[in-house]
Each structure stands twice: as C-alpha cells, then as structure tokens.
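Working notes, structure below.
The values are calculated or read from the model by the stated rules, or taken from the named source; none is laboratory data. Just so it is clear, the structure is predicted and the values come from calculations on it, not from any experiment. Here the Cβ is made from the backbone with ideal geometry for all residues, glycine too, and neighbour counts use every protein chain on show. Note: areas computed on protein heavy atoms with side chains; ligands, DNA, RNA excluded. Shrake-Rupley method; radii C 1.70, N 1.55, O 1.52, S 1.80 Å.
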Amino acid sequence: MIARFIPDNGDPDEPDLHDPLYSVMALPDGRHIMATGIRDLFVWEIDSRECVYHGTIDAICRDGFASFSLVHDALRFATADGTTEFALWDLGTFEKQRVFSGHTEEVRGFVFLGDDHGISVSHMSLRRWDLGTGECLREAAAWPAWCVTAISTPTGRIAVGTTRGVQVIDPESLQSVLDIQLAFGILGRDPDPDTYKPWCSISTLTWIEEGTHLVCGGSDGLIRQIDANTGDVMQVWRACQEVESLALLPGGDVFVASCSDGSVKFWRISSEQHLKVVELNDSVPGVCVTSEGRVFAACKDGLVYEIEAPP
C-alpha cells in the first residue's frame, strides 16, 4: 500500500499544483515528517497525513537540482540555499537561528557534531563550525564532494562521497584517514577501472554494521558496501539508474534506495537479496525511515509517499 502526503501549497485557485519535492526526513518525535521544495518547507503529521506546517524559506534548490539533504539533531535542522551558505533552524518554532557563510562553492551537506559544532561540505572544501558563534574553526580542501554522513559512533569519523569515491575523515582535523578510490561505470554497465569519469560520483551514503561499513549509492547506478577500515568493496548491487538517496531500516540488515527513474528499491544486506521495488511517477530525490521502520519517499511530482517496507 502507498499513502500520499499532499503539500498545502497555499493557493486556493490551484490546490493540486505542486512544485517538486527534494529532501524528506523523519522528525525526532516519531510523529511527523518534513520535506523541502524549491523554496518551501512542509511538515505532516504521519498518522493523519495532515499538512500541519507550510513555510517559505531561502531557496534550497537551484536550476531544478537539489544536492542538500535535510539533517537534524534533537533541537535543530539544517538547510542550504543552493549557493555558498547554509542555515540552522529551530525544530520547534521553525525559526531561522543562524546563517553560515564562507564557502566559495555550493554547500552539498552538513553534519552535527554534538551540540556545539558541525561540519559543512562544499564542492571543494570542508569547514568545521562553532554553531553558537558562527565562527569557522577549521577548513580543509576536499575532492569534489557530493554528500556527507553522520558521525560513526565507534570510530568518531565521518565519510564524504566524492567524484573519486569515498573519503573517511577525522572530524577534528578534517584530514582524510582513508581515501577509497572507486571504479565507476556507465549506467547499467560494469565499473571501468581504467577510465576516470569526472561526471560520476558517490551521491549518497550511510553507515551500516554499527559504523564500520558504508553503503554508498552512485550516479553510475551501482550501490556498494565498503569496509570503512580497509576500503575494500564487499558487495555491489545494481540499481540500474542514478541512486539519489539511501536509508537503513531498523535492525540494520535492510536498506532502501531511491532512484532517478522513480523507483524505490529494498535490499537485504546479509543475503544480497533484492526484496521489493515500487515505481513512482517521477524521480525520487529523497527517502527516509522512522525509528519504527516506516518508509517515506519525496518525489519530484510534488508528493511524499509512504511505502510499505518488506517483511
């Protein structure tokens, strides 16, 4: 069964006209989800599917492309404006707390480091920030970056997806602990280790195995499980189209991936088994999972869909 969450666009004359949605996340209370459009922020109550909040925020999407995924801690969430800035917002009031400036390229991602610090990733650099003062504490160069994970609890490290593969980063020094170079392929084909493809990248990644391995989705349509200690590729799944977003289900053995062809796919890690595929109406830039295992996908048709996870 698929349930639809419909934005309240505030237009009584054209209530069914919706801009594309890009990123979706489950809020900490477990009862609400949030999604972003080109300039809009929507919040729904999960059980009633009622849109309980619609606000206009700084543009987080430019030229039809959104590269920044929503992230949150217990009290705040972060958005980027499609250029060189990002902002922190209060989760309770949806008021903007602070704007962070300093990058010279588009901000691609952000990760909270406890209550006081955070790291932002732009196309060519990493910056560590004091979230209270807005001061940039440290900056380091990076390979062209597209995404960043949350911190791994066992290792205290973060991971960044780049056009070369994955870099495992020490969040204190912002230095690379492990540079994992991957062979990318063309959609639907095997990876080609002999040709560098600057148009390919790791576009989404998440920790598994309690923070010792990564599942990484690429623009070449492949999903890889990588040992974050050695850089070894443990297994590969074929999504066939560009992988836009990944999320891990409770229990840690099943993940869901959303793709540019409108498909949402589930795999079991331990058996490499493809469990389920659901086809939506348009590209699916964002997917998230609640603590109870409910799966939500943000679609460019302007709707959020709840998708029943496989048993």
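I'd like the full set of residues that are under 23 Å from GLY211 (Cβ atoms), assigned to a strand (DSSP E or B) and over 19 Å from the mean Cα position of the chain (by Cα), limited to region 130-156.
Correct list: ARG138, ALA140.
Conditions (1) in contact with a Ser or Thr (Cβ under 8 Å, 6 or more places away or on another chain); (2) over 21 Å from VAL148 (Cβ atoms), marked per residue:
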site: LEU222; (1), (2): no, no
site: ASP227; (1), (2): yes, no
site: ALA247; (1), (2): yes, no
site: ASP253; (1), (2): yes, yes
site: ASP261; (1), (2): yes, yes
site: ILE269; (1), (2): no, yes
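Collect the residues in region 24-41 that are touching a Leu at 6+ places or on another chain (Cβ under 7 Å), at pLDDT below 90 and either aliphatic (A, V, I, L, M) or not in a loop (DSSP other than H, G, I, E, B) (or both), keeping them in residue-number order.
Residue satisfying the conditions is THR36 alone.
Taking the conditions exactly as written (at pLDDT 90 or above, aliphatic (A, V, I, L, M) and in a loop (DSSP other than H, G, I, E, B)), does LEU174 satisfy them or not? Give the derivation first.
On the way: at pLDDT 90 or above: yes; aliphatic (A, V, I, L, M): yes; in a loop (DSSP other than H, G, I, E, B): yes.
Judged against the criteria, LEU174 is a match.
Output yes when any residue across region 200-215 is over 29 Å from ALA183 (Cβ atoms) and aliphatic (A, V, I, L, M), and no when none is.
Taking region 200-215 first, the residues over 29 Å from ALA183 (Cβ atoms) are none.
Taking every residue of region 200-215 in turn, none turns out to be over 29 Å from ALA183 (Cβ atoms) and aliphatic (A, V, I, L, M).
Name the single residue that is surrounded by the most Cβ atoms within 10 Å (Cβ to Cβ) among those in region 195-234 being among the acidic types (Asp, Glu) and in contact with a Pro (Cβ under 8 Å, 6 or more places away or on another chain).
Here is the first cut: in region 195-234, the ones among the acidic types (Asp, Glu) are 209-210, 220, 227, 232.
Of the ones still in play, those that are also in contact with a Pro (Cβ under 8 Å, 6 or more places away or on another chain) are 210, 220.
Details: GLU210: 11, ASP220: 28.
Of everything passing the filter in region 195-234, ASP220 is surrounded by the most Cβ atoms within 10 Å (Cβ to Cβ).
Which condition number does GLY156 fail, the rest of (1) free of Cβ contacts under 8 Å to residues at least 24 places away in the same chain; (2) open to solvent by 30 Å² or more (accessible area, probe 1.4 Å) being met?
(2)
Tell me the strands (runs of 3 or more DSSP E) entirely within region 211-311 that contain at least 1 residues that are within 29 Å of ARG164 (Cβ to Cβ).
Numbers: elements: 213-218, 222-227, 233-238, 243-248, 254-259, 263-268, 273-279, 286-289, 295-298, 304-307.
Where strands (runs of 3 or more DSSP E) fall fully within region 211-311 and carry at least 1 residues being within 29 Å of ARG164 (Cβ to Cβ), they are 213-218, 222-227, 233-238, 243-248, 254-259, 263-268, 273-279, 286-289, 295-298.
Please specify each residue of region 235-248 satisfying the condition of being closer than 15 Å to GLY211 by Cα and surrounded by fewer than 19 Cβ atoms within 10 Å (Cβ to Cβ).
LEU248, the sole residue that qualifies.
Please enumerate the residues belonging to region 255-282 that are surrounded by 18 or more Cβ atoms within 10 Å (Cβ to Cβ), of a type outside the set (A, V, I, L, M, F, W, C) and out of contact with any Asp or Glu (no Cβ under 7 Å at 6 or more places or on another chain).
LYS265
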